[in-house]
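*Asks:* What follows is a structure written as structure tokens; I'll ask about it next.
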There are 2 protein chains.
Amino acid sequence: MMSDVTIDDLTVAVLGGTGPQGRGLALRWAASGLEVVLGSRDGERAEQAAAELNQKLSQVEGAATVRGAGNRDAAAAADVVLVSVPFDAHRATLADLADALDGKIVVDCVNPLGFDKQGPYVLDLDEGSAAEQAQAILPGSRVIAAFHHVSAVLLADLTVTDLDTDILVLGEDRDDVAVVQQLADRIPGMRGLFGGRLRNAGQVEALTANLIAINRRYKTHAGIRITGQGL
Amino acid sequence: MMSDVTIDDLTVAVLGGTGPQGRGLALRWAASGLEVVLGSRDGERAEQAAAELNQKLSQVEGAATVRGAGNRDAAAAADVVLVSVPFDAHRATLADLADALDGKIVVDCVNPLGFDKQGPYVLDLDEGSAAEQAQAILPGSRVIAAFHHVSAVLLADLTVTDLDTDILVLGEDRDDVAVVQQLADRIPGMRGLFGGRLRNAGQVEALTANLIAINRRYKTHAGIRITGQGL
């Protein structure tokens, strides 16, 4: 149904947009010229974060601006909604906003991880993944899993002009997947690739634990690329 | 304990070596000059497969030869043992060979996947992953998870001189991980990277389902690369 829609015409909301991941993606999308609404539980904090991003964006030619709002207003204002809340707020946030998210593309980038002395580990979810949990809570939304592996540090630094990473985009509907691939493609050095159906989202979310282990061992901000002829 | 050991001095066994993945890795390791023993439930089939590989290897300068044997003899002959059996034979094969594998590095590349009309999906294991299942069955062995994502098609084709893929190597012991990284590094265009502790092996195994989805969508043989400054 959205096959003729290009992402240029859409407004993107980022729920939990005051966290590092959401804030970084909001910055990059606005830098690419997309209208972004940053949402937070606390609308004033969102406005403050938006003002900080707009300061950075004032240096970027062709950038759009970021607007701050409460999560509900942000969701209502957007066509595509990124969910970037901490996992422990995931279920409650979505349940609370189900009506505002009805009929929309909901992009879930949440990684259900725990941490102990040995580092990160994967939480065992009844639904199999955060994305499947979102789809169960939001039967009227079209949930897509994507943007799990991007480094918030690299996103925040506009002098990094090549993110050098692929974004695995998982979902059931090919057109929705294509819209979210376009969202990835707008960020320099990022490429959106179809990564499978939603039932295979759990391991993509969980792979973040391995990237954290790699970051610690090699003192880097790891991303992933998919190799293969024709890609 | 193996920190001074280079892989050049070691013999590698490949259990389930008549399957495409094991056969391909055996070919590449022998092509790099490593002594390889190909194991199979049926020792005669292993000898036949070894003869076929040796035919290919006769064209490769500096190649070692491959020897075929039953799984038990192969395990006993080697220092490092790759387990490359179908998942449904994983538990029984390892339980049967536990004594022969005692004290050795056991490299598990098994992907616990099922397939239905919608494609691949991940099997839910009590132990969390095939590698952790192996470690539970083999308390006297040092289990390492690695080589989950290599394309058997590309391995088998010696005209492919750049596999263009990283191998995530997961394990508890740094020296054992380093040995298996060396095994990856011997194959052209392959690089072994530490990928986390064994408890984070499940998602690496499961990611194979996503790579299969990518292969189908993009008609390719997908691999992965880890990006990041300093890597």
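*Asks:* Would you mind counting up the charge near B:HIS148? Only other residues with Cβ under 13 Å from its Cβ, with Lys and Arg at +1 and Asp and Glu at -1.
*Replies:* On the way: positive: none; negative: B:ASP108, B:ASP166, B:GLU205.
Once positives and negatives cancel, what remains is -3.
*Asks:* Out of all DSSP beta bridges in the range A:76-134, what portion is antiparallel? Express it as a percent rounded to 5. Walk me through the numbers before you get to the answer.
*Replies:* On the way: 4 of 8 bridges.
Taking every DSSP beta bridge within the range A:76-134, about 50 percent pair in antiparallel fashion.
*Asks:* Also, quick follow-up: Please compute how much accessible surface disappears when A pairs with B, both sides summed, using a 1.4 Å probe, and round it to the nearest 100 Å².
*Replies:* The buried area between A and B, both sides summed, comes to about 3400 Å².
*Asks:* Another question, then. Apply 1/(1 + (r/R0)^6) to the Cβ-Cβ distance of B:GLU52 and A:PHE115, taking R0 = 41 Å, and write down the FRET efficiency to the nearest 0.05. Walk me through the numbers on the way to the answer.
*Replies:* Working: r = 48 Å, r/R0 = 1.18.
About 0.25, to the nearest 0.05.
*Asks:* Give me the accessible area per residue for the protein assembly as shown, probe 1.4 Å, as a whole number in Å².
*Replies:* 40 Å²
*Asks:* While we're here: Over all alpha-carbon pairs of the range B:118-159, lay out the pair-distance distribution in 10 Å bins, whole %, shortest bin first.
*Replies:* Reading the bins upward from 0: 23, 34, 30, 13, 0.
*Asks:* While we're looking at this one, here's another question. Indicate, rounded to the nearest 5 percent, the antiparallel portion of the DSSP beta bridges found entirely in the range A:1-148. Provide the component values of the computation, followed by the final result.
*Replies:* Values: 4 of 25 bridges.
Percentage antiparallel, nearest 5: 15.
*Asks:* For the range A:1-51, what is the Kirkwood estimate of the hydrodynamic radius, computed as the reciprocal of the mean inverse distance between distinct Cα atoms, to one decimal in Å? Write out the running numbers ahead of the final one.
*Replies:* Values: mean 1/r = 0.0879 Å⁻¹.
Answer for the range A:1-51: a Kirkwood hydrodynamic radius of 11.4 Å.
*Asks:* For B:ALA98, go 7 angstrom from Cα along the Cα-to-Cβ vector, then report the distances to that same point in the other copies in nm, smallest first.
*Replies:* Spelled out, the distances from B:ALA98's label point are 4.8 nm.
*Asks:* For chain B, what is the Kirkwood hydrodynamic radius in Å, using each pair of distinct C-alpha atoms?
*Replies:* On the way: mean 1/r = 0.0573 Å⁻¹.
Result for chain B, one decimal place: 17.5 Å.
*Asks:* Could you compute how fast the range B:94-176 diffuses translationally, taking Rh as the Kirkwood radius over C-alpha pairs and applying Stokes-Einstein at 25 °C with viscosity 0.890 mPa s? Give it in µm² per second.
*Replies:* Values: Rh = 14.7 Å.
Using the Kirkwood radius from Cα pairs, D works out to 167 µm²/s.
*Asks:* Take the Cα pairs of the range A:39-119, get the Kirkwood Rh, then feed it into Stokes-Einstein at 37 °C and 0.692 mPa s and tell me D in µm²/s.
*Replies:* Numbers: Rh = 14.2 Å.
Diffusion coefficient, whole number: 230 µm²/s.
*Asks:* When DSSP beta bridges are limited to those with both residues in the protein assembly as shown, what percentage is antiparallel, rounded to the nearest 5? Walk me through the numbers before you get to the answer.
*Replies:* On the way: 15 of 69 bridges.
Approximately 20 percent, going by the DSSP bridge assignments.
*Asks:* First compute the accessible area of the range B:1-158 with a 1.4 Å probe, then give the percent of it belonging to carbon and sulfur atoms. Walk me through the intermediate numbers first.
*Replies:* Details: 3170 of 6790 Å².
C and S atoms contribute 47 percent here.
*Asks:* Can you tell which of B:ALA69, B:ALA92, B:ALA26 shows the greatest fluctuation in a Gaussian network model of chain B with Cα springs below 10 Å?
*Replies:* With Cα springs under 10 Å in chain B, the top fluctuation among B:ALA69, B:ALA92, B:ALA26 is at B:ALA92.
*Asks:* Comparing the chain by itself with all protein chains present, which residues of the range A:89-128 are at least 50 Å² less accessible (probe 1.4 Å)?
*Replies:* A:GLN118
*Asks:* Another question about this same structure. Which is the longest run of chain B containing none of the trypsin sites (Lys or Arg not before Pro) found in DSSP loop states (not H, G, I, E, B) with at most 11 other C-beta atoms within 10 Å? Kindly include the intermediate steps, with their values, before the conclusion.
*Replies:* Values: sites that count: B:LYS117, B:LYS219.
Between the exposed loop sites, the longest stretch runs B:1-116.
*Asks:* Now for a separate question. Calculate, in nm to one decimal, what B:THR65 and B:ASP9 gain on full extension: separation in residues at 0.36 nm each, minus their alpha carbon distance. If you can, show how the numbers build up before the last one.
*Replies:* Details: separation 56, 0.36 × 56 = 20.16 nm, distance 1.47 nm.
In short, 18.7 nm is gained.
*Asks:* Using a 1.4 Å probe on the protein chains only, how many percent of the accessible area of the range B:169-213 belongs to carbon and sulfur?
*Replies:* Details: 550 of 1140 Å².
Carbon with sulfur: 48 percent of the solvent-accessible area.
*Asks:* Find the relative contact order for chain B and round it to a whole percent, using C-alpha pairs within less than 8 Å whose residues are 6+ positions apart.
*Replies:* 18 percent
*Asks:* Starting from the Cα gyration tensor of the range A:113-231, multiply each eigenvalue by 5, take the square root, and state the resulting semi-axes largest first in whole Å. Present the calculation step by step, with values, prior to reporting the outcome.
*Replies:* Working: eigenvalues 105, 88, 30 Å².
For the range A:113-231, the semi-axes come out at 23, 21, 12 Å.
*Asks:* Which residue, chosen from A:HIS90, A:LEU25, A:GLN118, occupies the Cα position most advanced towards the positive end of the dipole of chain A, where the dipole is computed from +1 (Lys, Arg) and -1 (Asp, Glu) charges on Cβ about the Cα centre?
*Replies:* It is A:GLN118, whose Cα lies furthest towards the positive end.
*Asks:* Over all alpha-carbon pairs of the range B:21-72, lay out the pair-distance distribution in 10 Å bins, whole %, shortest bin first.
*Replies:* 32, 56, 12, 0
*Asks:* If you don't mind, there's one more thing I want to ask. Tell me, Kirkwood radius of the protein assembly as shown from alpha-carbon pair distances, in Å? Write out the running numbers ahead of the final one.
*Replies:* Working: mean 1/r = 0.0434 Å⁻¹.
With all distinct Cα pairs of the protein assembly as shown included, I get 23.1 Å.
*Asks:* Placing one identical point scatterer on every Cα of the range A:186-231 and ignoring solvent, what is log10 I(q)/I(0) from the Debye formula at q = 0.17 Å⁻¹?
*Replies:* The Debye formula, applied to the Cα set alone, gives -0.68.
*Asks:* Additional query: Rank B:ALA152, B:ALA206, B:ALA50 by mean-square fluctuation in a GNM of chain B with C-alpha springs under 10 angstrom and give only the top-ranked residue.
*Replies:* Ranking B:ALA152, B:ALA206, B:ALA50 by mean-square fluctuation puts B:ALA152 first.
*Asks:* Further, regarding this structure: Relative contact order for the range A:1-105: what percent, with Cα pairs under 8 Å and sequence separation of 6 or more?
*Replies:* So the answer I get is 32 percent.
*Asks:* A further question on this structure: Once the other residues with Cβ under 9 Å from the Cβ of B:GLY39 are scored (Lys, Arg +1; Asp, Glu -1), what is the net sum?
*Replies:* Details: positive: B:ARG41, B:ARG72; negative: B:ASP73.
Result for the neighbourhood of B:GLY39: +1.
The values are calculated or read from the model by the stated rules, or taken from the named source; none is laboratory data. Here the structure is a predicted model, which is why all the values come from computation and not from measurement. Please note: Cβ atoms are built from the backbone with ideal geometry, for glycine as well, and neighbour counts cover all protein chains shown. Only protein heavy atoms, including side chains, enter the accessible area calculation; ligands, DNA and RNA are left aside. Shrake-Rupley method; radii C 1.70, N 1.55, O 1.52, S 1.80 Å.
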